1. Which one of these is touching a residue at least 12 places away in the same chain (Cβ under 8 Å), over 22 Å from residue 137 (Cα atoms) and part of a loop (DSSP other than H, G, I, E, B): 243, 239, 228?
2. Can you find a residue that is under 15 Å from residue 88 (Cβ atoms), over 16 Å from the mean Cα position of the chain (by Cα), buried (at least 20 other Cβ atoms within 10 Å of the Cβ) and in contact (Cβ under 8 Å) with a residue 12 or more places away in the chain anywhere in the range 114-125?
3. For the range 192-206, does any single residue satisfy the condition of being assigned to a helix (DSSP H, G or I), away from the ligand (no atom under 15 Å from the Cβ) and surrounded by fewer than 17 Cβ atoms within 10 Å (Cβ to Cβ)?
4. Quick test for you: out of 217, 263, 237, 226, pick the one residue that is within 16 Å of the ligand (Cβ to nearest atom), of a type in the set (D, E, K, R) and at pLDDT 95 or above.
5. Do we find that residue 186 is of a type in the set (Asp, Glu), crowded, with 21+ Cβ neighbours inside 10 Å and within 12 Å of the ligand (Cβ to nearest atom) in this structure?
6. How many residues does the range 127-161 contain that are under 18 Å from residue 107 (Cβ atoms), assigned to a helix (DSSP H, G or I) and either over 18 Å from the mean Cα position of the chain (by Cα) or among the aromatic types (Phe, Trp, Tyr) (or both)?
Amino acid sequence: MSTFRHDGLARVKVRVMTPSRIRVARPRAVTLAIVAVLGLAGAAGLGALATTGPAVLPQGITGNPGVHPVSGRTIANVMSHAGADWLDRPERESEERPDRAVAALGLEPGAVVADLGAGSGYFTVRLARRVGPSGRVFAADIQPEMLSLLRTRLEREALSNVELVQSAEDDPRLPPRTFDLILMVDVYHELARPQLILSKLLASLKPGGRLVLLEYRKEDPAVPIRPEHKMSVAEARLELEAEGFQLDRVDSSLPRQHILIFRPAR
Ligand SMILES: C[S@@+](CC[C@H](N)C(=O)[O-])C[C@H]1O[C@@H](n2cnc3c(N)ncnc32)[C@H](O)[C@@H]1O
């Protein structure tokens, strides 16, 4: 019997062997065991892959997230805090142009923003500077280790307009009717419960608020990121419009990512 598993390295075909099969196919069994061990090492987040993406946690936080029920998209495993250095790599400036991305959001001083899946805070600090002391940023993540890295960064940068939020896989734990903008940078594709999260985010936006996703362009094979960590515009639109949002605009000014701007559907 054969099956496919998703892990940090690639889509690895693993043959599941019955005891009788092991007896008749010993040389092949050795090869397959090596493949399986490599696959498990990747799934355990041991292999940070510089050219194709960061280490990921084994099968999400609470289990293999599977596929999206509306689009059939394979949901990515959650990026591990063990790979947090990858989020702060210097090349990110030229690959992602974060200042241009934040400028494209058109945030006013005093705005209230959520950075959901904030990681080590690469975007949080840029958002905090942008909204200024009269504004607020809620930086939320499911991994306490990421929030701890973020806390250290905020202290280093002396920013006091950021609140840290420990999210759960099925609840971002953001307050209702609070946000002018909710941002997810390289996060949506790894939400294990995307439909549930979107329903909560809808309730957390102020009237007139926006939900913005930055996602690596799946349409572009030259973007060197594993396919399950990319999104196409069509996939994002299908999934978010099924949950009460409508696509307002796609900004294509970044080198590798879409800026997908959604609003609550009327
Ligand atoms: C690829 S990292 C991106 C981090 C950050 N946005 C950045 O661009 O540097 C994805 C982050 O999303 C977080 N995450 C995944 N699922 C989440 C969920 N359901 N709620 C909150 N955070 C989540 C992960 O823990 C991880 O820190």
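1. Being touching a residue at least 12 places away in the same chain (Cβ under 8 Å), over 22 Å from residue 137 (Cα atoms) and part of a loop (DSSP other than H, G, I, E, B) holds for just one of 243, 239, 228, which is 243.
2. Among the residues of the range 114-125, at least one is under 15 Å from residue 88 (Cβ atoms), over 16 Å from the mean Cα position of the chain (by Cα), buried (at least 20 other Cβ atoms within 10 Å of the Cβ) and in contact (Cβ under 8 Å) with a residue 12 or more places away in the chain, which makes the answer yes.
3. Yes, that holds for at least one residue.
4. The unique qualifying residue is 217.
5. Yes, satisfied.
6. 4
The values are calculated or read from the model by the stated rules, or taken from the named source; none is laboratory data. These numbers come from a predicted model, not from an experiment. Quick reminder, even Gly has a Cβ in these numbers, built from the backbone with ideal geometry, and neighbours come from all protein chains shown.
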